[in-house]
1. Just to be sure I understand, if you calculate percent of Cα pairs over 33 Å apart for this structure, which of [x] 7; [y] 10; [z] 15 do you get?
2. Which aspartates and glutamates have a Cα lying under 20 Å from the Cα of Lys3, excluding residues fewer than 8 positions away in the same chain?
3. Apply the Karplus curve 6.51 cos²θ - 1.76 cosθ + 1.60, θ = phi - 60°, to the phi angles in the range 173-186 and return the couplings in whole Hz, x for Gly and Pro.
4. If you keep only loop residues by DSSP, which trypsin sites (Lys or Arg not before Pro) in the range 132-206 have at most 13 other Cβ atoms within 10 Å of their Cβ?
5. What does the extension gain come out to for Trp47 and Arg188, with contour length at 0.36 nm per residue minus their alpha carbon separation?
6. Which cross-chain or sequence-distant (5 or more) residues have an amide H under 5 Å from the amide H of Glu170, H modelled 1.01 Å from N in plane?
7. Determine the gain in length on full extension of the stretch Thr197-Val22; use 0.36 nm per residue of separation and subtract their C-alpha separation, reporting nm with one decimal.
8. Expressed as a whole number of Å, what is the distance separating the alpha-carbon centroids of the range 79-134 and the range 1-37?
Amino acid sequence: MAKQLAFYFDGTACIGCKTCQVACKDKNNLPLGIKWRRVVEYAGGSWVNQGNFRVPNNIFGYYVSLACNHCENAACASVCPTTALHKRADGVVVINADQCIGCRYCEWACPYGAPQFDEAKGVMTKCNFCEDLVAQGKNPVCVDACPMRAIEFGELSELRAKYGSVNAIEPLPPANLTSPALVVTPHRNAQASGRGTGQVFNLPEEL
């Protein structure tokens, strides 16, 4: 298997503080509305009658920290008409802004919503795996920012050997669409992708 850098996310540790999201935005000086890493709250349940009262039933909730998954079968790169989006030898999917024409095909193709359009620059942007930090032997900023140490990175094969092969929980799409370079330790209430009974409960953010 070719080299493939990947992210690991521990759903049992994440508290939804969004420190990773803020650190990513700050490090990359991202404009309003663009978030290369996002923390999603997924929750559900129902109400049942109990005598004269309605009580909650099967209530659950958990968080998922999500960035570009630098997929093995990157849909964004496959639809890019100028090859501005491409996979490097280390498996990281990057954008060459000089080649990007802002057609937004990649945005429509990615099931994770990773490529995001910068209106001011007229080009697509996305997580670049903190390539400058990794080149210096450091961690991506989201990894170090997490107070719960819920995010790691490394070789995909090594992460799978250490943590297993789960890579598709709600509200993420099924993994067979793009083969994401992602490993997840699911929260105890996590539901498999495509089998969810909840919904995303994120409030609007001016960030």
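Every number in this text was worked out from the coordinates using simple rules, so none of it is lab data. Quantities reported herein were computed from a predicted structural model and do not represent experimental measurements. Glycine gets a Cβ as well: all are built from the backbone with ideal geometry, and neighbour counts include every protein chain shown.
1. Entry [z].
2. Glu72, Asp90, Glu131, Asp132, Glu152, Glu155, Glu158
3. Going residue by residue, I get x, x, 5, 5, 5, 9, 6, x, 7, 8, 10, 10, 9, x Hz, with x marking Gly and Pro.
4. Details: sites: Lys138, Arg149, Arg160, Lys162, Arg188, Arg195; in loops: Lys138, Arg149, Arg188, Arg195.
The qualifying sites are Lys138, Arg149, Arg188, Arg195.
5. Working: separation 141, 0.36 × 141 = 50.76 nm, distance 2.10 nm.
Computed gain between Trp47 and Arg188 is 48.7 nm.
6. The answer is Gln191, Ala192, Ser193.
7. Values: separation 175, 0.36 × 175 = 63.00 nm, distance 2.89 nm.
My answer for the length gained is 60.1 nm.
8. 16 Å
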